[in-house]
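In what follows, a single structure is set out as structure tokens and then discussed.
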Amino acid sequence: MDSPTEIVIRPVGQVRNGINEKMQHGWGRVESKLVIEPGLTDLLDGLQNFSHIIVIYWMHRSTGQFSARVHPRGISDAPLTGVFATRAPHRPNAIGMTVVELLECRDNELTVRGLDAINGTPIIDIKPYLPKDVVPEAKHPDWVSRLDFT
């Protein structure tokens with residue numbers, strides 16, 4: 001493998017909500033403000049025409065430590081699985097991604113519902129959710145059906 005390339009990521013904004021600790025469930029009801037840097041407001045033009053967006057963020061409280069294999073959601077009767085086959089927050093890179101409902105766009109603030117990120121989380125990027133993003137017959141292992149994703 002070649003030597004690693006330096007990657008520079010600059011946050012485009014921050015998450016604001018009342019959640020200060022990671023939760024296992026209940027994210028689907030959480031409303032958050034995405035406060036975008038004032039100089040980047042033009043990047044939001046047209047976003048208000050979408051019902052859902054993809055938020056990519058940096059899990060800033062991650063310790064950088066991870067296990068190669070985990071029980072999804074810490075459920076011991078779920079199979080021991082490679083971390084890349086899970087949504088475990090402890091990963092080689094602390095990047096998170098969530099599809100959220102876009103409730104409002106005002107100036108440099110977006111109000112969203114369903115973002116599983118705590119208060120102060122740096123936002124890396126925002127993308128619109130497009131019809132091509134749906135995979136109607138996506139395949140997944142049986143243990144995924146036993147997890148609560150709300």
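Scan the stretch 44-53 for residues that are within 23 Å of residue 122 (Cβ to Cβ), part of a loop (DSSP other than H, G, I, E, B) and under 20 Å from the mean Cα position of the chain (by Cα) and jot them down.
50
Could you figure out which of (1) modelled with pLDDT under 85; (2) under 19 Å from the mean Cα position of the chain (by Cα) isn't true of residue 56?
(1)
Per-residue answers, yes or no, for (1) in contact with a Lys or Arg (Cβ under 6 Å, 6 or more places away or on another chain); (2) among the hydrophobic types (A, V, I, L, M, F, W, C); (3) over 21 Å from residue 122 (Cβ atoms):
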{"residue": "60", "(1), (2), (3)": "no, no, no"}
{"residue": "70", "(1), (2), (3)": "no, yes, yes"}
{"residue": "75", "(1), (2), (3)": "no, yes, yes"}
{"residue": "79", "(1), (2), (3)": "no, no, yes"}
{"residue": "85", "(1), (2), (3)": "no, yes, yes"}
{"residue": "93", "(1), (2), (3)": "no, no, no"}
{"residue": "96", "(1), (2), (3)": "no, no, no"}
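How about the stretch 42-80: which of its residues are in contact (Cβ under 8 Å) with a residue 24 or more places away in the chain, surrounded by 15 or more Cβ atoms within 10 Å (Cβ to Cβ) and more than 30 Å from residue 109 (Cβ to Cβ)?
If the condition is that a residue be in contact (Cβ under 8 Å) with a residue 24 or more places away in the chain, surrounded by 15 or more Cβ atoms within 10 Å (Cβ to Cβ) and more than 30 Å from residue 109 (Cβ to Cβ), then 66, 72, 73, 78 are the ones that fit.
For the stretch 26-38, which positions are loosely packed, with under 15 Cβ neighbours inside 10 Å and either of a type in the set (S, T, N, Q) or under 16 Å from residue 122 (Cα atoms) (or both)? Lay out the reasoning, then the answer.
Pass one, the stretch 26-38, residues loosely packed, with under 15 Cβ neighbours inside 10 Å: 26, 28-29, 37-38.
Those that are loosely packed, with under 15 Cβ neighbours inside 10 Å and either of a type in the set (S, T, N, Q) or under 16 Å from residue 122 (Cα atoms) (or both): 37, 38.
Check residue 22 against each of (1) under 22 Å from residue 144 (Cα atoms); (2) touching a Pro at 6+ places or on another chain (Cβ under 7 Å); (3) buried (at least 17 other Cβ atoms within 10 Å of the Cβ); (4) in contact (Cβ under 8 Å) with a residue 40 or more places away in the chain and name the one condition it does not meet.
Every condition holds for residue 22 apart from (3).
If you scan the stretch 1-25, which residues turn out to be under 17 Å from residue 96 (Cα atoms) and at pLDDT below 85? Steps first, please.
Taking the stretch 1-25 first, the residues under 17 Å from residue 96 (Cα atoms) are 7-17, 19-25.
Across the stretch 1-25, the qualifying residues are 21, 22, 23, 24, 25.
How about the stretch 21-43: which of its residues are within 25 Å of residue 92 (Cβ to Cβ) and assigned to a loop (DSSP other than H, G, I, E, B)?
21, 22, 23, 24
The values are calculated or read from the model by the stated rules, or taken from the named source; none is laboratory data. The structure displayed is predicted, hence computed values, not measured ones. In this analysis, Cβ positions are derived from the backbone assuming ideal geometry, glycine residues included, and neighbour counts consider all displayed protein chains.
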